[in-house]
Amino acid sequence: MNKRVIAGAMAAMTLGFFACNQAPKDSYTINGDIAGLKDSLIYFRTSAGDSMVVDSAKVTDGKFTFKGKAEEPKMASIYLQDRRGGFNLYVENAAINIKGNVDSLSSVKITGAPTQQEWDTFQADLKPLNAQEDSLFQQYQTARMKNDTAAVAAIEKKANDLNDQREAASKTFINQHPKSYVSINLLRSLIYSTEYADLNKMFTGLDTSLQHSTSGVKIAEQLETMKATAIGQQAIDFTANDVNGNPVSLSSFKGKYVLVDFWASWCGPCRAENPNVVKAYNKYKDKNFTILGVSLDEDGAKWKEAIAHDKLNWTQVSDLKGWKSEPAGKYGVKAIPANFLIDQDGKIIGHNLRGDKLEEKLAEVLSNIQLKKSASDAKS
């Protein structure tokens with residue numbers, strides 16, 4: 001057989017190999033090979049519209065397969081029974097291969113999905129930040145055990161700085177990768193910490209295919225709600241009952257600077273933030289500033305107990321409807337803690353001010369009032 005015939009036969013074999021192993025463009029196949037995996041079943045979890053779908057696959061000698069269809073690239077998770085371990089991955093219509101060891105599931109190698117490769121690149125850039133956060137967490141645990149409040153505060157400040165760096169990295173990736181589904185997922189993660197104007201600019205900078213995707217349409221809807229409560233907009237009025245059952249309206253605070261603070265007794269991050277809010281209130285309560293707490297509780301007794309325990313000595317209201325809270329709905333609140341700072345004319349001038357940022361903003365606006373008052377007194 002001459003060389004040309006041999007070459008042709010090898011080419012045909014090669015094409016046949018790829019044809020057999022290539023997943024159809026309208027579906028995905030996930031082939032896993034996890035050394036040391038003894039479980040008989042492994043689980044797969046992903047979204048389907050507004051619902052979550054869980055599937056399982058049989059494990060044989062550490063190998064397993066999942067098949068399905070993805071309308072667009074999306075994050076999913078694969079995990080062991082009782083969630084003893086697992087990992088996240090991007091799923092899209094492609095042949096996806098997973099290889100790793102059961103003792104280090106967080107380090108599995110995932111190939112075959114372009115979006116996963118983009119995600120891996122982004123995560124690699126975050127490694128230094130992740131290492132610093134891991135170190136801070138250990139320091140935080142030690143400081144808490146020693147009840148060292150000064151150390152805890154210092155560590156929390158460093159953690160906030162690292163979080164700011166993480167968000168900056170996300171924004172850079174989004175701007176540099178307008179066609180990546182990683183970008184749209186990162187944008188979703190920024191919704192609760194970034195102002196409307198910045199979010200809208202990033203969203204409109206995405207490729208139109210992403211804007212019109214299922215995820216993109218949902219983000220557009222959230223942005224529309226955020227637009228009504230963006231900095232510079234007039235605060236939307238609402239009325240809810242206080243702890244004594246008396247109706248209180250936001251508009252009744254006009255003439256003061258007021259922080260509308262969304263929280264709940266069951267929300268760990270809210271309770272952790274409350275000392276900072278208490279500190280700001282005690283410092284500025286006699287300078288034309290107050291707080292209107294809006295709880296997403298459903299249990300009135302637990303709500304009142306948390307108010308007393310955390311010493312939240314300002315007006316508190318709740319319709320006790322949890323996530324169906326009408327005030328939260330009007331302000332597009334999907335995660336707590338969340339807050340809006342409103343000036344004496346009823347205009348929103350701050351959003352999600354936490355920790356030192358709340359005090360810094362109050363110092364800025366209230367000192368400006370004092371300067372204007374002093375200048376006015378001097379003229380008169």
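The values are calculated or read from the model by the stated rules, or taken from the named source; none is laboratory data. In this text the structure is predicted, and so the values were computed from the model without any measurement. Cβ atoms come from the backbone with ideal geometry, glycine included; neighbour counts cover every protein chain shown.
Residue 105 meets the stated requirement of being outside the structural domain of residue 209 (by TED's automatic domain parsing), part of a helix (DSSP H, G or I) and either in contact (Cβ under 8 Å) with a residue 40 or more places away in the chain or in contact with a helix residue (DSSP H, G or I) (Cβ under 8 Å, 6 or more places away or on another chain) (or both). Scanning region 79-102 for residues that are out of contact with any Leu (no Cβ under 7 Å at 6 or more places or on another chain) and part of a strand (DSSP E or B) yields 79, 88, 89, 90, 91, 95, 96, 97, 98, 99, 100, 101. Can you pull out every residue in region 36-56 that is touching a residue at least 24 places away in the same chain (Cβ under 8 Å), surrounded by 12 or more Cβ atoms within 10 Å (Cβ to Cβ) and assigned to a strand (DSSP E or B)? Within region 36-56, 42, 43, 44, 45, 46, 47 qualify. Annotation: of all residues in region 108-125 being without any contact (Cβ under 8 Å) to a residue 12 or more places away in the chain and out of contact with any strand residue (DSSP E or B) (no Cβ under 9 Å at 6 or more places or on another chain), the one that is surrounded by the fewest Cβ atoms within 10 Å (Cβ to Cβ) is 124. Among the residues of region 235-248, are any without any contact (Cβ under 8 Å) to a residue 60 or more places away in the chain and of a type in the set (A, V, I, L, M)? No - not one qualifying residue is present in region 235-248.
Quick check on residue 292: is it part of a loop (DSSP other than H, G, I, E, B) and modelled with pLDDT of 95 or more? Even if it seems obvious, please write down each step before you answer.
Working: part of a loop (DSSP other than H, G, I, E, B): no; modelled with pLDDT of 95 or more: yes.
Considered against the rule, which asks whether it is part of a loop (DSSP other than H, G, I, E, B) and modelled with pLDDT of 95 or more, residue 292 comes out as no.
Screening residue 268 against (1) under 28 Å from the mean Cα position of the chain (by Cα); (2) crowded, with 16+ Cβ neighbours inside 10 Å; (3) over 19 Å from residue 228 (Cα atoms) leaves a single unmet condition, (2). Name every residue in region 317-355 that is more than 20 Å from the chain's Cα centre (by Cα), assigned to a helix (DSSP H, G or I) and exposed (fewer than 15 other Cβ atoms within 10 Å of the Cβ), in order of residue number. 326, the sole residue that qualifies. Within region 144-203, being part of a helix (DSSP H, G or I), touching a residue at least 24 places away in the same chain (Cβ under 8 Å), closer than 24 Å to residue 73 by Cα and of a type in the set (Lys, Arg) holds for 166, 171, 188.
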